[in-house]
1. Run the Debye formula on the Cα coordinates of the stretch 34-126, all scatterers equal and no solvent, and tell me log10 I(q)/I(0) at q = 0.25 1/Å.
2. If each DSSP helix of 4+ residues adds -39,500 (n - 2.57) and the sum is divided by the residues in the chain, what number results at 222 nm, nearest 500 deg cm²/dmol?
3. For the stretch 82-90, just list the computed ³J(HN,Hα) in residue order, Karplus coefficients 6.51, -1.76 and 1.60, θ = phi - 60°, integers in Hz, with x standing in for Gly and Pro.
4. Sort the following peptides by mean Cβ neighbour count (other Cβ atoms within 10 Å, averaged over residues), highest first: 62-69, 89-96, 152-159.
5. Got a sec to turn the phi values of the stretch 52-59 into Karplus ³J(HN,Hα) couplings, 6.51 cos²θ - 1.76 cosθ + 1.60 with θ = phi - 60°, whole Hz, x for Gly and Pro?
6. Could you work out which residue, out of 145, 56, 121, moves most in a Gaussian network model of the chain, that is, has the largest mean-square fluctuation with Cα springs under 10 Å?
7. Let me know the Rg and Dmax you get for the stretch 30-76 when you use only its Cα atoms, in Å.
8. Under 10 Å, Cα contacts only: if you run a Gaussian network model on the chain, which one of 110, 23, 128 comes out with the highest mean-square fluctuation?
Amino acid sequence: MGEGALRVAVYGGRGMIGSRICSESVARGHAVSSITRTPAPDQVPGVVARTGDAADGDDVAMVAAQHDVVVSAIGPSRTGGRPERFLEAIQTLVENVGPRRLIVVGGAGSLQIAPGLRLMDTPEFPMSAKVEAQAQAAALDLLRDSQNLADWVYVSPAPGIAPGQRTGQYLLGADTVVGDFISAEDFAVAVVDEIDRPRYKRSRFAVAGAGRGR
């Protein structure tokens with residue numbers, strides 16, 4: 001590890017977003033562990049693969065002790081699993097990361113498009129995404145209610161996020177929608193920028209692409 005390098009653990013490091021956070025972190029010289037519940041031989045080059053479960057408090061405590069930053073890139077099940085399990089995992093992370101920084105990749109549904117009006121509450125919001133959005137909103141509430149239990153940050157992408165170009169440019173906001181799309185690559189840039197140069201503490205920020213980026 002070079003000067004300024006950090007030890008970064010990414011739960012959900014095989015996913016669309018998690019794998020890109022791993023890649024971006026490795027490219028900047030960080031030592032990265034990708035943590036999944038099942039063995040994962042197809043990891044990003046340079047990333048250490050290990051099995052683990054964000055809902056296992058003992059495992060989270062051990063992982064946190066071995067790293068400087070813990071990233072949660074897990075999400076609610078999209079195949080009919082209980083959203084409560086996702087919330088249990090977030091709660092477990094909060095209770096067991098100790099003094100390590102916890103960065104939670106969240107959703108866009110709870111972002112406001114007008115004062116008091118969340119994106120997920122508009123008629124246009126797809127019903128197929130409602131359960132996931134509600135679970136992500138509950139996760140944000142859980143973090144906010146945790147007070148000083150963890151040094152957390154919750155990051156919401158734009159409503160549209162998909163693999164695309166890495167431009168290295170993005171727009172930042174707080175609790176409002178700041179753009180309609182961001183590539184997963186540029187979202188990872190924003191997350192790792194926050195790892196490298198922390199700007200937010202126990203709060204949520206939103207990220208959107210600065211250009212087309214598709």
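1. At q = 0.25 Å⁻¹ the computed log10 ratios are -1.30.
2. Computed mean residue ellipticity for the chain: -9500 deg cm²/dmol.
3. After applying 6.51 cos²θ - 1.76 cosθ + 1.60, I find 5, x, 4, 5, 4, 5, 4, 5, 4 Hz.
4. Highest-to-lowest ranking by the protection proxy: 152-159, 89-96, 62-69.
5. x, 9, 5, 8, 9, x, 5, 5
6. With Cα springs under 10 Å in the chain, the top fluctuation among 145, 56, 121 is at 145.
7. In order Rg, Dmax, the Cα atoms of the stretch 30-76 give 10.6, 28 Å.
8. 128
Read the figures in this text as sums done on the coordinates, not as results from a lab. Everything numeric in this text was worked out from a predicted model, so none of it was measured. Cβ coordinates were reconstructed from backbone atoms using ideal geometry, including for glycine residues, and neighbour counts include every protein chain displayed.
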